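In what follows, a structure is listed as structure tokens, so that the remarks can point back to it.
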Amino acid sequence: MKKLLSNSYLCHTIGVIFVLLLLQLFITPINGRETVANSMWMVGICYLASAMILPRITSYLLVERKYYILPVLLSVYCFAITIMFMTRIDYSRSIVFYGWVLSFLWLYITSLLRQESQRLILFAIPNFDISSLNQKGRVRVIELKAPYDIANIKGGLVVDLHRNLSPEAEKFIADCSLNNIAVFHAESIREMLEGKVQTKHLMENAIGSLQPNPLYMTFKRIWESLIIITTFLITLPIMAITAIFIKLENPGPAMFIQERVGQGGKLFRIYKFRSMTIKEAGAEDKFATAEQARVTKVGKFIRKFRIDELPQFFNVLKGDMALIGPRPEQDSFVKQFEQQIPFYGYRHMVKPGITGWAQVVQGYADDTESTSEKLAHDLYYIKNLSFWLDINIVFKTIRTMLTGFGAK
């Protein structure tokens with residue numbers, strides 16, 4: 001059974017048949033034939049869409065797919081229901097609900113059964129520390145013994161391309177490439193596992209790969225703006241209530257406006273809800289962890305659930321920020337970090353974001369060491385910037401908002 005399900009096409013073909021057949025057998029339709037047919041089509045399309053989206057989102061950081069099944073299915077079904085509602089196509093709520101439940105059960109159970117087959121299998125020329133990759137648990141790296149035989153390669157080949165290789169090893173790597181066997185640099189696999197770029201080893205070619213795709217950046221601005229506008233029905237009342245509570249608890253403005261460094265090193269004014277008491281004039285800039293005594297009761301709550309960041313939606317609509325990107329820093333800190341951390345300025349190649357890869361993977365940074373780690377995650381995001389990585393961050397951000405991960 002596991003061997004059969006290891007093939008994605010077979011697994012999802014059986015999955016669609018399984019879901020639709022059970023709906024047909026056990027769900028008694030109370031509406032007309034057309035409504036039932038529309039609902040069945042919707043369930044089938046939603047299943048296939050979810051099956052196509054899951055591997056794209058979970059290719060980053062080699063995360064376990066089972067944790068993304070629920071949010072992906074919910075998002076796909078919400079989108080489909082919205083389309084059905086706007087086009088006034090009749091559908092059965094009961095069929096759609098049970099279709100969602102059956103789809104979730106099939107995708108979750110098969111993800112557990114297919115875990116081993118989805119694990120990345122690599123064969124390695126041992127010119128690097130192989131155990132450092134095997135310890136991660138999400139890849140299996142098998143050491144090759146000389147003389148190397150291409151017939152032994154059942155997956156991809158991994159090797160440290162920056163270390164000396166014997167003529168035999170160099171010829172073997174070339175033969176693998178000619179036979180369409182994927183060859184990975186060991187550091188690239190480590191990047192995938194850790195979700196960060198090793199800034200100490202950045203070279204001219206690596207820096208060139210940090211240039212984002214201008215076509216996607218235009219598309220990103222459009223879809224992020226649409227999301228913000230469509231959620232205003234929910235977020236605007238939350239913002240109004242938050243402003244009232246801030247004013248009631250502590251004298252002073254509800255909004256906190258501060259200059260931050262944006263794309264290309266340009267300064268812009270960022271909007272946030274004030275979560276602290278008013279700072280004395282002339283006081284030096286400090287990390288949030290050093291200002292905990294000034295945080296108000298309302299401030300503590302809105303920080304935990306990221307409500308204080310909601311006014312930045314207007315920064316995104318203005319074009320100063322993106323919904324997703326590296327968090328913008330104060331100018332005084334940027335000047336300090338540029339002196340202390342190599343390549344720090346490269347995080348300004350894209351617009352800063354309300355949420356980002358470093359925030360959902362690492363959490364809050366409050367000193368030079370943790371900021372250096374944060375930069376490694378930011379550069380990974382810029383290097384791998386794509387729609388699917390952005391969607392991955394959206395789901396991780398929802399988890400962060402629910403758990404309060406990284407809040408200060």
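Normalised by the empirical 2.2 N^0.38 Å for globular proteins, what value does the Cα Rg of the chain take?
Taking the Cα Rg and dividing by 2.2 N^0.38 Å, one obtains 1.15.
Place the peptides 189-197, 125-133 in order of packing, highest mean first, counting for every residue the other Cβ atoms within 10 Å and averaging per peptide.
Packing order, densest peptide first, comes out as 189-197, 125-133.
Could you give the distance between the Cα centres of region 328-369 and region 51-102, to the whole Å?
Taking the Cα centre of region 51-102 as reference, the centre of region 328-369 is 34 Å away.
Quick one: compute the contact order of region 2-117, relative version, from alpha carbon pairs under 8 angstrom and 6+ residues apart, as a percent.
41 percent
Using alpha-carbon pairs under 8 Å, 6+ residues apart, how would you state the relative contact order of region 119-194 in percent?
34 percent
How big is region 103-243 in terms of Cα radius of gyration and Dmax, in angstroms?
22.1, 71
Counting only Cα atoms, I'd like the Rg/Rh figure for region 121-194, Kirkwood definition for Rh.
0.93
Counting only C-alpha contacts under 8 Å and six or more residues apart, can you give the relative contact order of the chain as a whole percent?
After rounding, I find 13 percent.
Using the membrane-span-like helix rule (whole DSSP H runs, Cα extent along the own axis of at least 20 Å, mean Kyte-Doolittle hydropathy at least 0.5), which helices of the chain qualify?
Span-like helices in the chain: 8-26, 33-57, 66-87, 93-113, 214-230, 232-249, 387-403.
Is there a quick way to get the dipole size of the chain? I mean about its Cα centre, with the Cβ of Lys and Arg at +1 and of Asp and Glu at -1; what is the value in debye to the nearest 20?
1060 debye
Show that you can apply the helix-only estimate: for the chain, add -39,500 (n - 2.57) for every DSSP H stretch of four or more residues, divide by all residues, and state [θ] at 222 nm to the nearest 500.
It lands at -17000 deg cm²/dmol.
Among the lysines, select those whose C-alpha is under 19 Å from the C-alpha of residue 279, and discard any that sit fewer than 8 residues away in the same chain.
Reachable lysines: 247, 297, 300, 408.
Lys and Arg at +1, Asp and Glu at -1: add these up for the other residues within a Cβ distance under 12 Å of residue 90 and post the number.
In short, +2.
Alpha carbons only, please: Rg and Dmax for region 12-160, in angstrom.
Expressed in Å, the Cα Rg and Dmax of region 12-160 come to 21.0, 69.
In nanometres, what is the gap between the two model label sites at residue 247 and residue 25, each 7 Å from Cα along Cα-to-Cβ?
Calculated label separation equals 6.2 nm.
Values in this text are rule-based calculations from the coordinates and carry no lab data. This structure is a prediction, so every number in the text was calculated from the model and none was measured. FYI the Cβ positions are ideal-geometry reconstructions off the backbone, even for glycines, and counts take in every protein chain you see.
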